[in-house]
Amino acid sequence: MALDLPKIRVLCVDDHPLVRDGIAFALQMQKDIELVGEAANGEDAVSEFRRLRPDVTLMDLRMPVLDGCEAIVRIRQEFPKARFIILTTYSGDVQAARAFKAGASGYLLKNMLRMELVDTIREVHRGLRRVPTEIATSLAERLSADDLSDREVQVLRAVAAGNSNKIIANTLEISEDTVKGHMKNIMAKLQANDRTHAVLIAMKRGFLEG
């Protein structure tokens with residue numbers, strides 16, 4: 001009789017119980033994968049990882065207490081070989097880039113879980129990367145595009161909140177001309193037609209998250 005191979009041990013981290021239940025249901029049908037634990041926020045994810053030492057961790061990006069990227073950073077400080085798959089409803093390329101920089105190996109949109117989850121877990125466990133085509137494409141485009149500076153993000157957040165150049169200047173303790181200069185750079189980098197368009201593009205790409 002052939003010996004059973006060790007199962008891939010998975011930790012699921014998501015603040016929505018229905019998502020965790022759906023993943024648990026999907027994985028219980030797999031002979032080579034075992035769900036060993038769950039967590040509802042990044043802080044619990046760190047402690048559960050220490051306790052369980054899973055092979056692969058499914059990590060939501062947006063969670064209370066501690067977000068997914070920060071949880072990955074903390075875990076990998078202690079366990080550099082830990083493997084992560086990001087779960088998110090959000091396809092912004094800036095968020096994806098942060099996740100991979102933090103140490104993720106896979107990135108799954110939640111509407112892809114039904115078709116992609118199991119294969120992604122297996123590939124990441126084997127040491128491969130798994131990224132949806134649409135995310136990979138936007139990441140490739142981003143690499144050839146200019147990032148916004150921290151100051152430009154500050155200015156754009158203020159614009160998104162409906163503030164005038166004068167109020168932004170006073171808040172950031174810079175001149176109105178400097179604000180206008182930042183907005184000119186922002187619109188050029190984002191290829192935006194106006195302030196509102198710049199805010200919409202920045203929101204879609206994830207610059208204004210976090």
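When only Cα pairs under 8 Å and 6 or more residues apart are kept, what is the percent relative contact order across the chain?
Normalised by residue count, the contact order of the chain is 15 percent.
Assign unit charges at the C-beta atoms only (+1 for Lys and Arg, -1 for Asp and Glu), then state the dipole size of the chain relative to its Cα centre in Debye, rounded to the nearest 20.
That gives a dipole near 340 debye.
Under a plain spin-label model, where a point goes 7 Å from the Cα along Cα-to-Cβ, how far apart in nm are residue 188 and residue 77?
The modelled label-to-label distance comes out at 3.8 nm.
For a quick check, take a GNM of the chain with Cα springs below 10 Å and name the residue from 114, 74, 98 with the largest mean-square fluctuation.
For the chain, modelled as a Gaussian network with Cα springs under 10 Å, the answer is 114.
Per DSSP H run of at least 4 residues, take -39500 (n - 2.57); add these up for the chain, divide by its residues and hand me the 222 nm value, nearest 500 deg cm²/dmol.
Value at 222 nm, helices only: -16000 deg cm²/dmol.
With springs connecting C-alpha atoms under 10 Å apart, model the chain as a Gaussian network and identify which of 170, 111, 41 has the largest mean-square fluctuation.
Of the options given, 170 has the highest mean-square fluctuation.
Measure nothing but the geometry: give the 0 to 90° angle between the long axis through the Cα atoms of 133-143 and the longest principal axis through the Cα atoms of the chain, rounded to 10°.
Once rounded, one gets 40 degrees.
About the Cα centre, and with charges only on the beta carbon of Lys, Arg (+1) and Asp, Glu (-1), how big is the dipole of the range 150-205? Nearest 20 debye, please.
On the way: 9 positive and 6 negative charges, 48 e Å.
Dipole about the Cα centre, nearest 20: 220 debye.
Could you tell me how many degrees, from 0 to 90 and to the nearest 10, lie between the Cα long axis of helix 68-78 and the main elongation axis, the longest principal axis, of the Cα atoms of the chain?
60 degrees
Give the angle, between 0 and 90 degrees and rounded to the nearest 10, that separates the Cα long axis of helix 17-27 from the longest principal axis of the Cα atoms of the chain.
Here the helix axis deviates by roughly 40 degrees.
Values quoted throughout were computed directly from the atomic coordinates according to the rules given, and no laboratory measurement underlies them. Computed from a predicted structure; not experimentally measured. Neighbour counts run over all protein chains shown; Cβ positions are idealised from the backbone, glycine included.
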